[in-house]
Amino acid sequence: MKNITCIDDLRVLARRRVPRAFFDYADSGSYNEETLRANRADLEAIKLRQRVLVDVSERTLATTIIGQKVSAPFALAPVGLCGMQHGNGEILSAQAANAAGIPFTLSTMSICSIEDVAEATGQPFWFQLYVIRDRDFSKDILSRAVAAKCSALVLTVDLQVLGQRHRDIKNGMTVPPEIRLKNIIDVATKPAWAWSILNGKRKTFGNLAGHVKGMDNVNSLAQWIGTQFDPALSWKDVEWIKKIWPGKLILKGILDADDAKTAVKLGADAIVVSNHGGRQLDGAASSISMLPKIAEAVGSDTEVLFDGGIRTGADIMRALALGARACLIGRAYIYGLGAAGEAGVAKAIDILKKELDVAMALTGTNRIAEIDGRVLVGGEVKKKAARAKLKSKTTQG
Ligand SMILES: Cc1cc2nc3c(=O)[nH]c(=O)nc-3n(C[C@H](O)[C@H](O)[C@H](O)COP(=O)(O)O)c2cc1C
C-alpha cells in the first residue's frame with residue numbers, strides 16, 4: 001500500500017486482481033461512454049482559486065449529511081455486486097466506512113444481504129432501493145431495512161430501463177461468471193480473488209435470494225433482474241414510498257431542475273444529482289454541469305448531494321463549491337475494494353480526505369461550510385448565491 005498514492009493507483013491494482021468481467025462491469029459506462037467521460041472532463045475543467053497567507057491551521061473536514069455527523073463530506077455510493085469485486089465486499093466496505101466515520105450505502109443488488117451487513121457491522125447504514133414490478137418485494141425489503149435499523153433510504157430513480165454496457169455483453173457478465181473458456185482462464189490467474197470469493201458468505205444476490213417466489217437458482221435470478229426493473233415507475237411511487245418508509249428519504253438520479261423541484265415538493269430530505277456514473281443515458285450532461293442550476297432550484301430545505309466522476313479530493317471541493325452539501329463516491333472506492341479489500345477501501349477514503357484537506361489549505365479554507373463559489377476561479381460572480389448557501393449551511397451545523 002505504500003506506493004499507492006492516488007485513486008488511479010488503486011484502479012491499476014484492481015485491474016490486476018479482479019477478473020476482467022467484474023473489473024469491466026465497474027469501470028464501464030453505457031453505450032459510447034460519452035457521459036462517463038464528460039463526468040471527468042467537466043470536473044477537471046473547473047479551476048480552483050489558489051490563495052496564500054490565510055491562517056489555515058484550524059482545518060476540519062467534519063460536517064453533517066441529512067443531520068448525521070460525518071468526518072468528511074462524502075459517503076460511499078450504492079454499488080451493485082461489491083461482493084464480486086472481493087468476497088464479502090459489502091461488509092468490508094461498510095466496515096471501512098464506519099471506521100472512517102462516513103456513511104455506507106448498501107445496494108439492492110448487493111451480494112451480502114441487508115441482514116449480513118447489519119449483523120457483521122452492528123452499525124446503521126443507508127439502504128438503496130430499486131423499485132421493481134413486484135411491489136410486495138419492495139414493501140418486504142423496506143421492512144427488512146427498517147428491522148436492520150438502516151438510517152436512510154436512497155431511492156434510485158434513474159434506472160427504469162437498463163442502459164447497455166457493451167463490455168458486459170462481450171464479457172458474458174453474469175453472477176457467477178458465465179462458464180466460457182476465457183473466463184475460466186482469467187479466474188485461474190486471479191487466485192487471491194477466487195479465494196476471497198470462495199470464502200465469502202454468498203455467491204449470489206443476497207437481498208433477493210430466498211425472497212423472490214420461484215427463484216431458486218442464480219440464472220433464473222439474473223433473468224428476473226433483467227425483466228423486473230419497472231418502466232412504469234412514477235412520482236406516485238415516490239409518494240407511496242414516502243408513506244411507508246419511516247426514516248430519511250434520499251432521491252438519487254436527479255439531473256434536471258424541474259425534477260429536483262418535484263422531489264422537493266414530495267418531501268425528499270435530500271436528492272443526489274447523478275447520471276448513475278455515466279451508466280444510464282449516454283449523451284446526458286455531466287453531473288457537475290447540471291449541479292449549479294439544480295442547487296439553485298432546490299433552495300435550502302432539501303440537501304443536495306452529488307456524484308459522478310469523483311476521483312480526487314479536489315473534485316469533492318469543486319462539487320461543494322457549486323452547491324453540493326456532500327458527495328457520493330462510486331468507482332473510487334470500488335477500485336480500492338478490488339485492489340485490497342477493506343484496506344483498499346480505507347485507503348481510497350483516506351486518499352480523498354487528505355487531498356480535500358490539502359485543497360482546503362491551499363484555497364485558504366478551514367471549514368467545509370466555507371467552501372463556496374469563492375474557492376473557484378471566476379467563482380466570485382456566484383458570491384450572492386454562495387453567501388445564502390453559507391448561511392443555510394452554518395445554521396445546519
Ligand atoms: C459498478 C457499479 C454499480 C452500481 N450499482 C448501483 C446500484 O446498485 N444502485 C445505484 O443506485 N447506483 C449504482 N451505481 C451508481 C453509483 O451509485 C454512483 O451513482 C456512481 O458510481 C457515481 O459515479 P462514479 O463511479 O464516477 O463515482 C453503480 C455504479 C457502479 C460503478
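Paramagnetic label reach from Gln228 (point 7 Å along Cα→Cβ; backbone nitrogen cut-off under 20 Å): within segment 99-116, residues 106-116. Rounded if a/c is under 1.5, else prolate if a/b is larger than b/c, else oblate: which is segment 228-382, with a ≥ b ≥ c the root eigenvalues of its Cα gyration tensor? Taking the square roots of the gyration eigenvalues as a ≥ b ≥ c, segment 228-382 is oblate. Amide H to amide H, with H built 1.01 Å from N, Ile65 comes under 5 Å of Val70, counting only residues 5 or more places away or on other chains. Mean-square fluctuations from a GNM of the chain, with a 10 angstrom spring cutoff on Cα atoms, peak among Ala96, Ala297, Ala232 at Ala232.
For segment 133-203, what does the alpha-carbon gyration tensor say about shape, rounded, prolate or oblate, given a ≥ b ≥ c as the root eigenvalues, a/c under 1.5 as rounded, and a/b over b/c as prolate?
Since a/c reaches 1.5 but b/c is at least a/b, the shape of segment 133-203 is classed as oblate.
Gain on full extension, evaluated as 0.36 nm per residue between Glu296 and Lys243 minus their Cα-Cα distance, stands at 16.4 nm.
At an R0 of 41 angstrom, the distance between the Cβ atoms of Glu44 and Leu266 translates into a FRET efficiency of 0.75.
With a/c under 1.5 counting as rounded, go ahead and sort segment 150-189 into rounded, prolate or oblate using the C-alpha gyration tensor (a ≥ b ≥ c being the square roots of the eigenvalues; past the cut-off, prolate if a/b is larger than b/c, else oblate). The shape class here is oblate.
Give, as a single signed number, the net charge of other residues whose beta carbon lies under 13 Å from the beta carbon of Tyr333, with Lys and Arg counted +1 and Asp and Glu -1. Within the 13 Å Cβ shell, the charges total +1.
Strictly over 18 Å apart at the Cα level, which of Lys2/Lys347; Lys149/Lys252; Lys69/Lys248; Lys139/Lys203; Lys242/Lys265 would you flag in this model?
Working: Lys2/Lys347 10 Å; Lys149/Lys252 20 Å; Lys69/Lys248 14 Å; Lys139/Lys203 24 Å; Lys242/Lys265 12 Å.
Pairs exceeding 18 Å: Lys149/Lys252; Lys139/Lys203.
Once backbone amide H atoms are built at 1.01 Å from N, Lys252 has Leu155, Thr156, Val157, Val272 as its partners under 5 Å, excluding neighbours fewer than 5 places away on the same chain.
Between helix 235-244 and the chain there is an angle of about 90 degrees, using the helix long axis and the longest principal axis of the Cα atoms. Sparsely packed loop sites in segment 38-92 (the GluC sites (Glu not before Pro) outside DSSP H, G, I, E and B with at most 10 other Cβ atoms within 10 Å) comprise Glu58. Here the Gaussian network model covers the chain, with springs between Cα atoms less than 10 Å apart; of Gly83, Gly378, Gly163, Gly378 fluctuates the most.
Counted over the chain, the DSSP beta bridges are approximately 15% antiparallel. Taken as Cα centroids, segment 306-358 and segment 221-284 sit 23 Å apart, rounded to the nearest whole angstrom. Relative to the current alpha-carbon distance between Trp235 and Ile185, full extension at 0.36 nm per residue lengthens the span by 13.4 nm. Stretching His166 away from Cys6 to a fully extended chain increases their span by 54.8 nm, per 0.36 nm per residue minus the current alpha-carbon distance.
Among Lys353, Lys252, Lys170, the largest mean-square fluctuation in a Gaussian network model of the chain, built with springs joining Cα atoms closer than 10 Å, belongs to Lys170.
Here, each number is a calculation from the coordinates, and none is a lab measurement. Here the structure is a predicted model, which means the values were calculated and not measured. No Cβ is skipped: glycine too gets one built from the backbone with ideal geometry, and neighbour counts run over all protein chains shown.
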